[in-house]
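Participant: Got a structure for you, written out below as structure tokens; questions coming shortly.
The values are calculated or read from the model by the stated rules, or taken from the named source; none is laboratory data. Remember, it's a predicted structure, so these values are computed and weren't measured experimentally. Glycine also receives a Cβ, built like all others from the backbone with ideal geometry; neighbour counts cover every protein chain displayed. Side chains included, ligands, DNA and RNA excluded: accessible areas come from the protein's heavy atoms. Shrake-Rupley method; radii C 1.70, N 1.55, O 1.52, S 1.80 Å.
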Amino acid sequence: MKIDCLAMILAGGQGSRLGALTNNVAKPAVPFGGKYRIIDFPLSNCVHSGIERVGVLTQYRPFALHNYVSDGAAWDLDAHYGGVYILPPYARAKGADWYRGTADAIYQNLNFIELSNPDYVLILSGDHIYTMDYSKMLDTHKRNKAEATIGVIEVPWEEASRFGIMETDEGGRITKFVEKPPEPKSNLASMGIYIFSAPFLRRYLEADAKNPHSSHDFGNDLIPKMLADRARLFSYPFVGYWKDVGTIESLWQANMDFLAKRPPIDIDGHWNILSSNPPVPPQYIGPEARVEQSLLNEGAMIFGNVERSVISLGVRIAKGARVTNSVIMPYATIGEGAVVDHAILAPHAEVAPGARVQGQANSIAVIAEGETVLPESATAQQAG
Amino acid sequence: MKNVMGLLDLQRDEMMLQDLTKGRTIASLPFAGRYRIVDFPLSSMVNSGIRHVGVLLAEKSRSVLDHLRSGKDWGLARHYKGLIYLPPVRPEHDERGGDLRNLYQNLDFVINNNEEYVLLARAASIYNMDFRPVLRFHQNTGADVTMVMGRARHDDVCNGIVAEVAANGLIMDMATKPNIRKGEMRSLGVFLMKKDVFVDLIRRSFEHGGLDFRRDVVARLMDNQTVYAYEHTGFAGRICTMLAYYEMNLAMIQPAVWEEMFLREGAPVYTKVKDMPPVRYKEGARVNDSLVANGCEIYGEVQNSVLFRGVKVAPGAVIRNCVIMQGGVIQEGARLDCVVCDKSVKVTTGKELRGAPTYPLYIGKQAVI
């Protein structure tokens, strides 16, 4: 059965810049916003955009991600002739390879693409927080009779040299692509979102796989090659909130963005973010608790003070504890009288009674999964 | 519990719940922020290892069907066994009322399956119970029928079954009473027996003109059966009046009850999944002693209250001792005390609504005040 558009989410990255937060899980599985995981955003975007078949390519520490995505039921992606497919690297008759780059990951799954038989392939990554209607991008791709369309966003000029920058003509056709230019001539940054016409993509993937000098990366290898061949590459300008959460500080900041008076994304609207909903009770807010400017998920139990913070399910904050400007991930506990400020607590982290976790806006304190902070070690950490 | 079949009887209607059960059965009455009454017996069955549940439906069952659907959220959407609906069929020229007929008409379902025991539960009580000890108790005592009972936590105007129980659990006497005193052993509406005992009881009663399960089966159990009471010592309560409904909701706010009901290891209470964002507490929010479900947005003050999913509390609004069901909107400066708001109630700017702790004010579905 032929389908219009197949989405492939690249979810294999370690996200090493997230440090202790990705000790046990791949970046797309990192909790976000009190309830979600990062991969909920591209998955929900797919579902709301009418894309019914999604491949999720996994590699680094895939268990949590596999377990989470499961049969896709949380996103209504458990349909008979569609749904979600988890695609880890696999062994073949002649040896086995890890995914050696973003393009190689797709190349190794060409048989899955063939099976799905789409006209178009949408490539997404699992490390951004945004809501986007991919169907509009697909319409643009079709209207332009493009072979490839790249999602771009305007970034501040002073930051442009950190991104892959596109130069385009008036019709949006891409004339030049430079990875991290020292002197950018444009501020249109690639979002790492690509739509390819399926046969065109296949041709380039097969050629790239044979090239021993290639790093097998879309941005480094395939896009420059396509441009050199004068293929029809168009940009699709995206306007809206789009946040890379690849570092501790950016992950923290993106969480804080949701506490604004007017959050950048309406998580309660028609484009709501779908997520798994474990069977936990409503949150309990105790007699002396105080909760303000915060986002709290079900299953939390709060006796202390919470301000400008994001609290996940199963979190317990004891009497007299103060949690400010922090992101507390599932089942972390904070003991009586403890202080947590400018911090991210990974799942099941524990702050003992009276202990202190103190970070700064430009240096967020991170407590790893299952780690316990005692009153003394907190002092040591401050000194360090 | 593979040898036990669950029968969930959702037919009972409590007249004393008044408008709360207008258009819904007691089984689908919203409870504790994100649940419905039926979630409690059904989750207890599943967590006890029962994998085959027949659901005896009432005639007005749209809301309960919409809630249970395939049974997937309870892990009961299965190729083999799982959740089976047993709808009522009213034969032509049969004017008999009562809930017994539906049990009788569906006896084939019980007979044609291979479980040895039947656990019948009615959806009017709140508990999170492990039924496995009930089965062991039943096997050890050699009872014909075991009824699960609990001590009434306070005087109650619910009509219900109370029993006089010997130290070993043998029921000496049983009565249906219009009100119940604190400390009395009262039925929690759970009956365990061998399949053939169940089939025999229902058949014999219905074929001799019986109409009502409680009156014509339970009240006469003592005549020919050995009946034991298994005492459930954990939290339990029956929802039978507006006041009981109100008090039971507020009882969930006690941390010890909250933990016992919802955080018992390996025994979560399942319910229909809804995708709602986390609760948004805004600048100036003051929330204490409350249960708050996802999707709420709070600017105002909330005390000793249960907020269901998606309730919006505007700046300056004050909610005390209230139960606000899903989708409630409380606008600027409105003040509510001892109020039960049914689904999607809107209380506009500056309105004041006040009930009493012993007589909560009820606001009907979708009302705009």
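Participant: What do you reckon, is A:ASP244 within 30 Å of A:SER326 (Cβ to Cβ) and touching a residue at least 12 places away in the same chain (Cβ under 8 Å)?
Facilitator: Answer is yes for this residue.
Participant: Which condition from (1) closer than 21 Å to A:VAL121 by Cα; (2) surrounded by fewer than 17 Cβ atoms within 10 Å (Cβ to Cβ) is the one that A:LYS185 breaks?
Facilitator: Every condition holds for A:LYS185 apart from (1).
Participant: Kindly indicate whether B:MET325 is hydrophobic (A, V, I, L, M, F, W, C), open to solvent by 30 Å² or more (accessible area, probe 1.4 Å), more than 7 Å from chain A (Cβ to nearest Cβ) and under 28 Å from the mean Cα position of the chain (by Cα).
Facilitator: When the stated conditions are applied, B:MET325 does not pass them.
Participant: Further question: Among B:ARG186, B:ARG204, B:ARG215, which is within 30 Å of B:PRO30 (Cβ to Cβ), away from every other protein chain (no Cβ under 14 Å) and in a helix (DSSP H, G or I)?
Facilitator: Exactly one of B:ARG186, B:ARG204, B:ARG215 is within 30 Å of B:PRO30 (Cβ to Cβ), away from every other protein chain (no Cβ under 14 Å) and in a helix (DSSP H, G or I), namely B:ARG215.
Participant: Does A:SER309 qualify as being under 26 Å from A:ILE39 (Cβ atoms) and open to solvent by less than 10 Å² (accessible area, probe 1.4 Å)?
Facilitator: yes
Participant: If the requirement is being more than 7 Å from chain A (Cβ to nearest Cβ) and open to solvent by 30 Å² or more (accessible area, probe 1.4 Å), which of these qualifies: B:TYR270, B:TYR299, B:TYR246, B:TYR228?
Facilitator: Step by step, each of B:TYR270, B:TYR299, B:TYR246, B:TYR228 is checked, and only B:TYR299 is more than 7 Å from chain A (Cβ to nearest Cβ) and open to solvent by 30 Å² or more (accessible area, probe 1.4 Å).
Participant: May I pose another question? Taking the condition surrounded by fewer than 18 Cβ atoms within 10 Å (Cβ to Cβ) and under 18 Å from the mean Cα position of the chain (by Cα), does A:HIS80 pass?
Facilitator: Judged against the criteria, A:HIS80 is not a match.
Participant: Can you pull out the residues in region B:305-318 that are more than 9 Å from chain A (Cβ to nearest Cβ) and open to solvent by 10 Å² or more (accessible area, probe 1.4 Å)?
Facilitator: B:LYS312, B:ALA314, B:PRO315, B:GLY316, B:VAL318
Participant: Would you be able to say whether some residue in region A:145-167 is more than 28 Å from A:HIS48 (Cβ to Cβ), among the aliphatic types (A, V, I, L, M) and assigned to a helix (DSSP H, G or I)?
Facilitator: yes
Participant: Looking at region B:116-136, is at least one residue at pLDDT below 95, hydroxyl-bearing (Ser, Thr, Tyr) and not in a loop (DSSP other than H, G, I, E, B)?
Facilitator: yes
Participant: In addition: Give all pairs with beta carbons closer than 9 Å in which a residue from region A:313-342 that is in a strand (DSSP E or B) meets a residue that is surrounded by fewer than 24 Cβ atoms within 10 Å (Cβ to Cβ) and among the hydroxyl-bearing types (Ser, Thr, Tyr); count only pairs at least 6 apart in sequence or on separate chains.
Facilitator: A:ARG316/A:TYR331; A:ARG316/A:THR333; A:ILE317/A:THR333; A:VAL339/A:THR324; A:VAL340/A:THR324; A:ASP341/A:THR324
Participant: Taking only pairs six or more apart or across chains, which ones have beta-carbon atoms under 8 Å, a first residue in region A:10-25 that is on the phi > 0 side of the Ramachandran plot and in contact (Cβ under 8 Å) with a residue 12 or more places away in the chain, and a second residue that is among the acidic types (Asp, Glu) and surrounded by 15 or more Cβ atoms within 10 Å (Cβ to Cβ)?
Facilitator: Partner pairs satisfying both residue conditions: A:GLY15/A:ASP127.
Participant: On the given criteria, is B:LEU221 at negative phi, part of a loop (DSSP other than H, G, I, E, B) and away from chain A (no Cβ under 14 Å)?
Facilitator: no
Participant: Out of A:THR131, A:THR140, A:THR175, A:THR102, I need the residue that is farther than 26 Å from A:ASP266 by Cβ, of a type in the set (Ser, Thr, Tyr) and touching a residue at least 60 places away in the same chain (Cβ under 8 Å). Which one?
Facilitator: A:THR102
Participant: I would also like to ask the following. Considering only residues that are within 14 Å of another protein chain (Cβ to nearest Cβ), part of a helix (DSSP H, G or I) and either open to solvent by 20 Å² or more (accessible area, probe 1.4 Å) or modelled with pLDDT under 95 (or both), which ones fall in region A:28-68?
Facilitator: A:VAL47, A:HIS48 - these are the residues of region A:28-68 that are within 14 Å of another protein chain (Cβ to nearest Cβ), part of a helix (DSSP H, G or I) and either open to solvent by 20 Å² or more (accessible area, probe 1.4 Å) or modelled with pLDDT under 95 (or both).
Participant: Which residues, counting only those in region B:251-267, are part of a helix (DSSP H, G or I) and more than 7 Å from every other protein chain (Cβ to nearest Cβ)?
Facilitator: B:ALA251, B:ALA256, B:VAL257, B:GLU259, B:GLU260, B:MET261
Participant: If you don't mind, another one. Condition first: among the basic types (Lys, Arg) and surrounded by 24 or more Cβ atoms within 10 Å (Cβ to Cβ). Can you find one or more residues in region B:33-40 that meet it?
Facilitator: For region B:33-40, residues among the basic types (Lys, Arg) and surrounded by 24 or more Cβ atoms within 10 Å (Cβ to Cβ): present.
Participant: I would also like to ask the following. Being in a loop (DSSP other than H, G, I, E, B) and open to solvent by less than 10 Å² (accessible area, probe 1.4 Å) is the filter here; which residues of region B:58-87 pass it?
Facilitator: B:GLY71, B:LEU76
Participant: Still on this structure: Of these, A:VAL84, A:VAL25, which one is among the hydrophobic types (A, V, I, L, M, F, W, C) and not in a loop (DSSP other than H, G, I, E, B)?
Facilitator: None of the other options fit; the residue is A:VAL84.
Participant: Further question: Which of the residues spanning region A:190-231 are in contact (Cβ under 8 Å) with a residue 12 or more places away in the chain and of a type in the set (D, E, K, R)?
Facilitator: A:ARG202, A:GLU206, A:ASP208, A:ASP217, A:ASP221, A:LYS225
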